[in-house]
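Here the structure is laid out as structure tokens; the discussion comes afterwards.
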Amino acid sequence: MDLFKFFSRETPSKDVAKERLKLILIHDRANVSPQFLEMVKGDIIRVISDYAEIDESGLEIKLTRAGEHGTSSPALVANIPIKKMKEFGR
């Protein structure tokens, strides 16, 4: 899934604009480019694919804000649909 497909859902334009702005702010504050996020996504797909068959069309990886006790820091959130686990000598 391409990062920009995230914005192709049928939602009101104000909601799309709000989500885009959030994404831009998070990337800016984390000092992470969209290209970097795509590289991370590729690496995650490669590693997970060694152990499980995944549905790449449903894959979602995004950068959000997470924090404890009033602090906030970037967090990488991945939703990786698994079709089935691969057998490794069980």
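Just for the stretch 52-80: of the residues that are at pLDDT 90 or above and either basic (Lys, Arg) or over 12 Å from the mean Cα position of the chain (by Cα) (or both), which one is nearest to LYS18 (Cα to Cα)? If we take residues in the stretch 52-80 being at pLDDT 90 or above and either basic (Lys, Arg) or over 12 Å from the mean Cα position of the chain (by Cα) (or both), then ASP55 is nearest to LYS18 (Cα to Cα). For the stretch 32-51, filtered to residues that are part of a loop (DSSP other than H, G, I, E, B) and exposed (fewer than 13 other Cβ atoms within 10 Å of the Cβ), the residue that is modelled with the lowest pLDDT is SER33.
The values are calculated or read from the model by the stated rules, or taken from the named source; none is laboratory data. Everything numeric in this text was worked out from a predicted model, so none of it was measured. Note that each Cβ is placed from the backbone with ideal geometry, even for glycine, and that neighbours are counted across all protein chains shown.
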